[in-house]
Amino acid sequence: MINHAWLIPVFPALAFPIIIFLTRRVRPLSALVGIAAIGASFVMAVGVLREVLLNGVTMAHPVEYASTWLGIPGLLKIEAGVLIDPLAAVMLLVVTLVALLVEIYSVGYMHGDPGFSTFFGYLSLFSASMLGLVLANNYFMIFFFWELVGLCSYLLIGFYYHKQSAARAGLKAFVTNRVADFGFMLGFFFLFAIFGTFNFRELAAAIPSYQNTGFLALAAALVFIGPIGKSAQFPLHVWLPDAMEGPTPVSALIHAATMVAAGVYLLARAFVLFASLPGIMLLVAYVGGFTALFAATIAITQRDIKRILAYSTISQLGYMVMAMGIGSMTAGMFHLMTHAFFKALLFLGAGSVIHALEEQDIFRMGGLYKDMKVTVSTFVIAALALAGVPPLAGFWSKDEILAGAFDHGFTGLYIIGTLVAFLTAFYMFRLIFVAFFGDRRAGLHAHESPLTMTVPLVILAVLSVVSGFVGAPFVSHGFSSFVYYGEPHHIEPNYGVMLLSTIVALAGIGLAWLLYGRPSDVPARLAERYRSIYKLLVNKYYIDEVYLWLFHRVGLGLAEAFNWHDRHVVDGVFDGVGDVTRLSGHKLRLLQTGNLQTYALVIFTAVVIIALWMAAPVLGGVIQ
Amino acid sequence: MANWHLLTVEILTAALGLGLLALGLLVPHSDRRGIAYVATAGLAGILAVAIGMREASGVVLGGYVIDPFGTYFKILFLVAAMLTAVCSYDYVEKMGLNQAEYYALLILATLGMMILASSGELVSLYTGLELMTITFCILAAYHLGDAKSAEAGIKYLLLGAMSSAIFLYGLSLVYGSSGTTVIREIGQQVATRGASPALLLGTIFILAGFAFKVTAVPFHMWSPDVYEGAPTPVTGFLSVASKAAAFAALVRVFFGALPDLHNFWVQLFIALAVLTIVLGNLVAIPQTNIKRLLAYSSIAQAGYLLLGIVSFSVLGVGAVAYYAMLYVFGNMGAFMAATAFYNNDGSDEIKDYAGLARRSPLVAALMLFSLLSLAGIPPMAGFVGKFYLFMSIISRQYIWLAILGILMSMVSVYYYLLVAKAMYLGNPPEGSKPLQVAPGLQVAMVVSLLILFILGIYPTPLTNYAMNSAVTFFMP
């Protein structure tokens, strides 16, 4: 199966043109093609993981095969290749599984939408690009798919393109990511300039012995800009909350479970580059830690169900990046996996609610548990997992990160992480108590969603419970001896850390119940009392406003200056060049008289001139 | 004694051409379409044989060289001839003349190109050249009763004869100063005896002859007039295959017989390349007729191919071979689109292409992507080809030449997009109907289009074949 792993992205890649060009008119067939393609990929991903486990493919001994895509011997080699190690195998499984469930869910969610078929086409293209990104064996290829993933994200965020806010959100995501991608591109071109290869393993072999760490640090810092954009880290996180304008299944697949994880995945792939640079690692860790805290504080004041989840995603991605920064790739990837399941579940659950109510403000919901039993109960399971309540998945992975921070002596980051765990439990259960419990609001008619939507919810709920056990401390040869950097290091279970994070999670839930568990005016009074802080949080620290101001004052001011320069200097020059080019074309054309004798004359004259030119040295006696 | 089996491709081609002539006399007048199909099927069969023989090598009769390089080009000629044949069905029927002769001439021209590409000896090389030139004279004038077609035939005949004379004179000078016509032996003679003035003059004359065939400036002037007047499928074939054949022979003569004079002739090629790239692209801008536009664009393309010669390296020759192959699909694609349009509307004027995208998405897409490939825009095949060509001269430190080439490529985008603009943004004229395109031609169009993408997205297999075939000129 491993030798045919390249087929995994090919199935959905073929589904895209088939849907767009052939089955577009027949909606059920489009959905079937999309689901069958990603289903085939999923089956293959399972097969690949099985072989990786059975055949002893490890991080140190991966399977790699490649053919030259574009090459000039001795100058340049760009490969199209596949690199399969446990890291890629796990990621393949997560992406195909979540994508499969999301596509099945979408059959119900997108029912009746005029863009039904197109939607499945885009989802297929997205899955193909993401799977290509996971399989890539070199920077050039990963960048290619990285861009493709960005393009799909743009298409899907702006899927309701007739809505101005959706079109704008799509544009914002695209532009923000372009800024980050440019940094990434510069970074790996730097690496190519130093080492002369794009290949991950060749680089991994060459980097440790390279002496000039200054250059290397520059390259690493530039590469890191890529994940800052794609994984929505501060300060380039602004696009992700707006990306919620897309259809909710897209939010679940792209903006929670898979695409945003691409940045973290890149950090894992490029880990050898970062691991040799302690300064950059520290930067990565603190960017992640800060983002985790920063986004969690915003999440506690938001009212829109999808926005709360979006800030929660940013916060959790911060955790993963932080784990990478403290040197525990295992913990980061473990959290990426468990988070993919429960965050996809949260978004799909939110989608189920939105589908039923056509409403996104949690304060206009209430009492939903009576009408939507499956949705609400699975949502609660996912929230418990996210909050880190044992023995659910999030508990084990979050604990691994916190224990890692504690053991490696990053006390500051450990405290931040624990604080974020508290905030996470609080904002998730604030959402649950407000939206799902309490009294029904008047005028709302909730109903449970169809089976195509609830079955994926249940499957994801099961995974949210059990997927953490693969990395739990009582499992020998678990996740940490499978996906790792360098030598597998098993973090000893730290019961103190475990106990504290459990207490913190329960405390967060308890506080949410005290404030929102029943009707009370305490939240409003608190908001009034700490008015300035509240306003700061509700307005997301005014980051968007700052960017807007910067853009208007500085950006547009500069633009104005450039515009003048362009119009009066550059245009003048280029119009001039264009005119000269065109004019010379018109003049030179006149040489073409159509007269046979002229042509013959030109040929003879040319021969004579060449002969004279070449004969000059001979006549002068220079040539022997 | 002789290993005749190496000549299978040539013998089959000759038999097919002559067989078609005979068949034309036997088949009743009403059933002439069958001949076109026989010609196409025959070419396809020979193509399969040629592909099977791609690794064969050996020398027949002392002076005829079969090697991967020659076979690569034979495959190219056969592909181009097939596309031309498919493209000609309706066109030739419309002209209402003897179809068997048309296809027979097409195939004999192909035979001439094969001989040109495989000759390791100057006299047989010249024979191949003449076979190709004379059949093209007839084909160019095939549109009886059309003054422009007749003009094209006459111009090609007279100027072709003149250039042949110069070429032949060059051959005789080379023979006179080295005492042999076998290319390999000339190479040995030059290596031991050095260059004489007569040899240098011969080199210049031979170069002028080739420059005429590949339409290098200033030997290009015949081409726009001939291209415009000749039947459109013939123009496509002439612009693609005869040019490729001349390049193959050029590589054989200059790299096989005269590598020691490399420092001498490389300056000539640089001068020709610069003039050709600049003039071809600039004069293409004001053209209003699609065939003339393509004529100038193909002059410019010849200039890019000359860059590969200038680099005098495996990479350069491999790049020439690669570019020539994708150029078949790019340029034939554009000519197929032009033929389909002419068959319907009877016009070659670019302004009449307005709104073509709405009348026939396939034809417009073929034209657009063929032109984009010619312009060298990724992911089209043309990008990869130009990439190799430019890399080959950059690796020889001709950075300025690469910059010039890239700048002029940008100019070319301008005039190619003028056509695209008309097709996609213009409005179709009142009362215009969707284009009728024969199913066979449609298939050929889709295949060309796919290959243009495939060679651009996954160029490695063809690249390897092209580069390996080029190695033969640099073996000690």
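The values are calculated or read from the model by the stated rules, or taken from the named source; none is laboratory data. Here the structure is a predicted model, which is why all the values come from computation and not from measurement. Methodologically, a virtual Cβ is constructed for each residue, glycine included, from the backbone with ideal geometry; neighbour enumeration extends over all protein chains shown.
Key figures
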| read-out | value |
| --- | --- |
| Residue in the range B:298-309 that is under 21 Å from B:Leu407 (Cβ atoms), within 13 Å of chain A (Cβ to nearest Cβ) and either surrounded by fewer than 24 Cβ atoms within 10 Å (Cβ to Cβ) or among the hydrophobic types (A, V, I, L, M, F, W, C) (or both) present | yes |
| A:Gly366 being in the same structural domain as A:Pro391 (by TED's automatic domain parsing) and either in a helix (DSSP H, G or I) or buried (at least 24 other Cβ atoms within 10 Å of the Cβ) (or both) | no |
| Some residue of the range B:271-290 being in contact (Cβ under 8 Å) with a residue 60 or more places away in the chain, within 12 Å of chain A (Cβ to nearest Cβ) and under 21 Å from B:Leu200 (Cβ atoms) | yes |
| Any helices (runs of 4 or more DSSP H) falling wholly within the range B:132-247 and containing at least 2 residues that are without any contact (Cβ under 8 Å) to a residue 60 or more places away in the chain and either within 12 Å of another protein chain (Cβ to nearest Cβ) or of a type outside the set (Ser, Thr, Tyr) (or both) | B:147-178, B:183-193, B:197-213 |
| Single residue of A:Ala169, A:Ala205, A:Ala173 found to be more than 18 Å from A:Val321 (Cβ to Cβ) and in contact with a Phe, Trp or Tyr (Cβ under 6 Å, 6 or more places away or on another chain) | A:Ala173 |
| Residue in the range B:438-459 that is assigned to a helix (DSSP H, G or I), in contact with a strand residue (DSSP E or B) (Cβ under 8 Å, 6 or more places away or on another chain) and not small (Gly, Ala, Ser) present | no |
| The range B:373-390 residues that are within 11 Å of chain A (Cβ to nearest Cβ) and assigned to a loop (DSSP other than H, G, I, E, B), paired with ones that are at pLDDT 85 or above and buried (at least 24 other Cβ atoms within 10 Å of the Cβ) (beta carbon under 9 Å, 6 or more apart) | B:Pro378/B:Val384 |
| Selected residue (criterion: farthest from B:Ala81 (Cα to Cα)) from residues of the range B:426-476 that are of a type in the set (Val, Ile, Thr) and away from chain A (no Cβ under 14 Å) | B:Thr472 |
| Lone qualifier among A:Leu97, A:Leu87, A:Leu101 - being crowded, with 20+ Cβ neighbours inside 10 Å, touching a Lys or Arg at 6+ places or on another chain (Cβ under 8 Å) and more than 14 Å from chain B (Cβ to nearest Cβ) | A:Leu87 |
| Residues satisfying the stated conditions in the range A:404-425, i.e. surrounded by 24 or more Cβ atoms within 10 Å (Cβ to Cβ) and either of a type in the set (Asp, Glu) or more than 17 Å from A:Phe294 (Cα to Cα) (or both) | A:Gly404, A:Ala405 |
| Condition broken by B:Ser57, with the remaining ones in (1) surrounded by fewer than 17 Cβ atoms within 10 Å (Cβ to Cβ); (2) touching a Phe, Trp or Tyr at 6+ places or on another chain (Cβ under 6 Å); (3) not acidic (Asp, Glu) satisfied | (2) |
| Unique match (being closer than 26 Å to B:Thr460 by Cβ, hydrophobic (A, V, I, L, M, F, W, C) and out of contact with any Leu (no Cβ under 8 Å at 6 or more places or on another chain)) among B:Leu372, B:Leu366 | B:Leu372 |
| Qualifying helices (runs of 4 or more DSSP H) (wholly inside the range A:198-250; at least 2 residues being touching a residue at least 40 places away in the same chain (Cβ under 8 Å) and of a type in the set (Gly, Ala, Ser)) | A:213-230 |
| Set A:Glu51, A:Glu79: member being farther than 30 Å from A:His447 by Cβ, modelled with pLDDT of 80 or more and within 14 Å of chain B (Cβ to nearest Cβ) | A:Glu79 |
| Close pairs from the range B:6-23: first touching a residue at least 12 places away in the same chain (Cβ under 8 Å) and surrounded by fewer than 17 Cβ atoms within 10 Å (Cβ to Cβ), partner among the aliphatic types (A, V, I, L, M) and not in a helix (DSSP H, G or I), Cβ under 8 Å, at least 6 apart | B:Thr8/B:Met53 |
| Residue count, the range A:1-30 (criterion: in contact with a Phe, Trp or Tyr (Cβ under 6 Å, 6 or more places away or on another chain) and surrounded by fewer than 24 Cβ atoms within 10 Å (Cβ to Cβ)) | 1 |
| Cβ-Cβ under 9 Å pairs, at least 6 apart or on other chains, the range A:378-402 side farther than 19 Å from A:Met322 by Cα and modelled with pLDDT under 85, far side surrounded by fewer than 24 Cβ atoms within 10 Å (Cβ to Cβ) and of a type in the set (Asp, Glu) | none |
| Candidate set from the range A:582-605 (those that are in a loop (DSSP other than H, G, I, E, B) and more than 7 Å from chain B (Cβ to nearest Cβ)); member that is nearest to B:Leu272 (Cα to Cα) | A:Leu591 |
| The range B:318-359 - residue that is hydroxyl-bearing (Ser, Thr, Tyr) and closer than 22 Å to B:Arg292 by Cβ and, of those, modelled with the highest pLDDT | B:Tyr327 |
| Residue satisfying condition, being of a type in the set (Ser, Thr, Tyr) and either at pLDDT 85 or above or outside any strand (DSSP E or B) (or both), within set A:Thr58, A:Thr68 | A:Thr58 |
| Options A:Ala285, A:Ala296: the member that is in a helix (DSSP H, G or I), closer than 18 Å to A:Leu536 by Cα and small (Gly, Ala, Ser) | A:Ala296 |
| Answer from A:Ala173, A:Ala99, A:Ala180 - the residue that is closer than 30 Å to A:Val223 by Cβ and modelled with pLDDT of 90 or more | A:Ala99 |
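Every residue, every condition in (1) at positive phi; (2) part of a helix (DSSP H, G or I); (3) charged (D, E, K, R), yes or no:
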{"site": "A:Glu448", "(1), (2), (3)": "no, no, yes"}
{"site": "A:Val458", "(1), (2), (3)": "no, yes, no"}
{"site": "A:Val465", "(1), (2), (3)": "no, yes, no"}
{"site": "A:Val470", "(1), (2), (3)": "no, yes, no"}
{"site": "A:Tyr484", "(1), (2), (3)": "no, no, no"}
{"site": "A:Glu487", "(1), (2), (3)": "no, no, yes"}
{"site": "A:Ser501", "(1), (2), (3)": "no, yes, no"}
{"site": "A:Ala505", "(1), (2), (3)": "no, yes, no"}
